[in-house]
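Contents: one structure, followed by commentary.
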Amino acid sequence: MKASTKKLISTTIKIGLAIALLTFVFFNIELKEVYDVLKNSNKWYILLCIILYILSQWLSAERLYIVLQKIGLQISKQSNRLLYLQGMFYNLFIPGGVGGDGYKVYMLNKHLKWPLKMTTATLLADRVTGLFAMVMLILIGGLFIPIEGYNAIKNGILALCIILALIALPLGIRWIFPSFRGKLNSAILLSFVTQGIQILCLFSVLKSLHIEDYYLAYSLVLLVSGILSILSFSGLGIREMVFLKAVLFFPDFEQNVTVSIGIILSLITTFVSLTGIVTHFSPN
């Protein structure tokens, strides 16, 4: 099968998945109630969320810059930030949460003549640091979510997973990215800071909807939706579905309010990413 055919099939599947998930979500909520929730939200906290989200993306761009510098690929900070912004824009239209990375590889190879293999490995290593931070935060956060009758077993399993993750990361880097051995520590630390700011974004949305409890549970839902976002366009559909299904695990959640949180986060992500269109008209 030709590469172009495979890409077309993959794109079609992910478009269909996003549409199917959004359709399912909208058929399982009261749209009027969701609208009322959004209408009565505190717009100042929404503005704070936008500012925090922009800060998180700026730090993500800095993380990528650090990884590029560590491996010896030279680019100015300004060019790196603009390229990162352009990648965010293309994430809205290229399937998968890493679609924009593919575009960045193309641009860096075209304009700076960087080797495709090394450039791809660098951007993938950058993504791995972000994924590691999300997984670790989910595992650590899970330790503080009680499950009546199974708490000791749950904590034991999560503690074991944390230990395995801490062992697997350096081994994985040594095996898959040998050139990055010992060079990703600062990027990993920055990944935790970035995810922490994204959680603050979530807290701002919760405050805007007058929610004063279950912050930890909502944080875990956000992190899970972030990991699964690779299955659709910039998380579209996935985030809303994860927040919808969160009520199965956290019965105290109010379904329409919970879905509203996912919708607000998706709208903010889309709004900020669309600003990358300015780089589209002057890609050099």
Practice prompt. For the range 106-117, name all the residues that are buried (at least 16 other Cβ atoms within 10 Å of the Cβ) and within 16 Å of Phe180 (Cβ to Cβ).
Written response: Trp114
Item to complete: Any residue in the range 204-228 that's closer than 12 Å to Ile138 by Cβ: show its pairings with residues that are open to solvent by 50 Å² or more (accessible area, probe 1.4 Å) and assigned to a helix (DSSP H, G or I) at Cβ separation under 7 Å, as long as the two are six or more apart or on different chains.
Response: Ile227/Leu131
Practice prompt. Specify which of the listed residues (Leu228, Leu202, Leu222) is within 21 Å of Ser56 (Cβ to Cβ), open to solvent by 60 Å² or more (accessible area, probe 1.4 Å) and part of a helix (DSSP H, G or I).
Written response: Leu228
Worksheet item: Within the range 172-183, restricting attention to residues that are without any contact (Cβ under 8 Å) to a residue 60 or more places away in the chain and more than 24 Å from Ser229 (Cβ to Cβ), which residue is most open to solvent (accessible area, probe 1.4 Å)?
Response: Trp175
Worksheet item: Scanning the range 275-284 for residues that are assigned to a loop (DSSP other than H, G, I, E, B) and open to solvent by 50 Å² or more (accessible area, probe 1.4 Å), which turns out modelled with the lowest pLDDT?
Response: Pro283
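Okay, residues lined up against (1) surrounded by 14 or more Cβ atoms within 10 Å (Cβ to Cβ); (2) within 18 Å of Ile199 (Cβ to Cβ); (3) out of contact with any strand residue (DSSP E or B) (no Cβ under 9 Å at 6 or more places or on another chain):
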| site | (1), (2), (3) |
| --- | --- |
| Val135 | yes, yes, yes |
| Ile145 | yes, yes, yes |
| Lys154 | yes, no, yes |
| Pro170 | no, no, yes |
Discussion item. Give me the helices (runs of 4 or more DSSP H) completely within the range 1-105, filtered to those with at least 2 residues that are closer than 27 Å to Leu123 by Cα and at pLDDT below 85, ordered by residue number.
Written reply: 3-27, 77-91
Discussion item. If I filter the range 67-76 for residues that are buried (at least 18 other Cβ atoms within 10 Å of the Cβ), within 21 Å of Lys183 (Cα to Cα) and within 20 Å of the chain's Cα centre (by Cα), do I get at least one hit?
Written reply: yes
Worksheet item: Taking the range 226-274 only, how many residues are touching a Phe, Trp or Tyr at 6+ places or on another chain (Cβ under 8 Å), farther than 19 Å from Phe203 by Cα and modelled with pLDDT of 75 or more?
Response: 3
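For the range 129-171, what are the residues that are in a loop (DSSP other than H, G, I, E, B) and in contact (Cβ under 8 Å) with a residue 40 or more places away in the chain? Break it down into steps so the answer makes sense when it comes.
So in the range 129-171, the residues in a loop (DSSP other than H, G, I, E, B) come out as 143-150.
If the condition is that a residue be in a loop (DSSP other than H, G, I, E, B) and in contact (Cβ under 8 Å) with a residue 40 or more places away in the chain, then Phe144, Ile145 are the ones that fit.
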Discussion item. Can you go through Ala159, Ala217 and tell me which one is over 30 Å from Gly237 (Cα atoms), out of contact with any Ser or Thr (no Cβ under 9 Å at 6 or more places or on another chain) and modelled with pLDDT of 90 or more?
Written reply: Ala159
Worksheet item: Restricted to the range 249-274, and to residues that are touching a helix residue (DSSP H, G or I) at 6+ places or on another chain (Cβ under 7 Å) and outside any helix (DSSP H, G or I), which residue is surrounded by the most Cβ atoms within 10 Å (Cβ to Cβ)?
Response: Phe253
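The values are calculated or read from the model by the stated rules, or taken from the named source; none is laboratory data. Note that the structure is predicted; figures quoted are calculated from it, not measured. Ideal geometry is used to build each Cβ from the backbone, glycine not excepted, and the neighbour counts take in all protein chains shown. All accessible areas refer to the heavy atoms of the entire protein, side chains included, with ligands and DNA or RNA removed. Shrake-Rupley method; radii C 1.70, N 1.55, O 1.52, S 1.80 Å.
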